[in-house]
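So the structure is just underneath, and the comments pick up after that.
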Amino acid sequence: MARSLSLLLLLVACFLVAGATAARPAPLASTSAADDDAAAISSFVRTWCAGTEYPALCDATLAPYSATVGTSPAKLAWAALTVTLSGARNATSAVRSIAARSHLPPVAAEAAGDCASELGDGVDALRRCVDAMARVGEEMEERERTLCQTARAARMTSFWSESAARKVRFEVDNVRTWASAALTDDNMCMEGFKGEAAGGGGAREAVRGHIMGLVHLTANALAILNAMAKQTPP
């Protein structure tokens with residue numbers, strides 16, 4: 001009897017183990033594909049960042065946008081400009097605060113105020129850049145959708161109609177001009193601090209700390225725009 005009971009318990013135990021094993025979910029087949037897609041997107045950002053002047057900064061600031069960017073140069077340019085616009089706004093606010101410091105010599109306070117004004121012009125230019133690049137991204141997405149619905153096999157030859165190419169090229173050229181103007185504004189910001197008196201109260205170094213980061217962001221965004229322009233039909 002005892003032997004029969006032991007055999008029965010053993011069979012029950014084996015049955016429970018087998019059931020638990022069968023109930024265990026199998027790895028999702030799509031996980032590997034999703035990882036591959038994420039890796040491709042990340043590689044896309046790194047590849048474009050490698051062509052910028054400050055690739056490590058580019059990687060760090062644009063990696064959070066990888067999913068949004070996908071493999072679209074227009075969206076990557078939009079992301080770079082968005083990051084730069086945010087940096088410009090922060091720098092403008094910081095330099096205005098520096099200009100308002102009561103202990104600054106008048107010359108230094110004036111230089112900081114002029115710098116804040118220059119940065120404000122850069123913010124306006126970058127805002128136009130972001131808006132225009134968003135339009136470019138929408139235009140390119142619309143073209144892609146149209147091709148998917150019509151002749152995908154002819155993609156390489158018919159992606160750009162003459163009017164679409166002209167429109168995109170116009171927008172990209174405008175954005176490059178505005179981004180270049182913003183970079184000039186960033187660099188001009190320090191011009192007022194060349195004199196010895198303007199450096200009083202630590203204003204020069206405080207402003208430089210905000211400006212140089214912005215200059216690097218702007219230079220990276222412009223490099224991505226220039227690379228994109230080379231891929232846009234004339």
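Coordinate-derived values only; no laboratory data. Please read these numbers as outputs of a predicted model, since none were measured by experiment. Cβ: placed from backbone, ideal geometry, glycine included. Neighbour counts: every protein chain shown.
Determine the gain in length on full extension of the stretch Glu139-Ser93; use 0.36 nm per residue of separation and subtract their C-alpha separation, reporting nm with one decimal.
The Glu139-Ser93 span can extend by a further 13.2 nm.
In a shell of Cβ-Cβ distance under 14 Å around Asp59, excluding Asp59 itself, what net charge do Lys and Arg (+1) and Asp and Glu (-1) give?
Here the charged neighbours net out to 0.
Just want the ordering: Ser180, Ser43, from fewest to most Cβ atoms lying within 10 Å of their own Cβ. Working shown, then result.
Values: Ser180 15, Ser43 12.
With the fewest neighbours first, Ser180, Ser43 line up as Ser43, Ser180.
If we count every other residue with Cβ under 10 angstrom of Gly192's Cβ, Lys/Arg +1 and Asp/Glu -1, where does the sum land?
Summing Lys/Arg as +1 and Asp/Glu as -1 gives -2.
If each residue's Cβ is checked for other Cβ atoms within 10 Å, how do Leu81, Leu57 rank with the fewest at the top?
Working: Leu81 29, Leu57 17.
The most exposed by this proxy come first: Leu57, Leu81.
At 0.36 nm per residue, minus the direct Cα-Cα distance, what do Lys167 and Ser102 gain on full extension? Give it in nm, one decimal, please.
Working: separation 65, 0.36 × 65 = 23.40 nm, distance 5.00 nm.
Length difference between fully extended and current span is 18.4 nm.
In nm, to one decimal, how far is the modelled label at Ser86 from the one at Lys194, with both set 7 Å along Cα→Cβ?
3.5 nm
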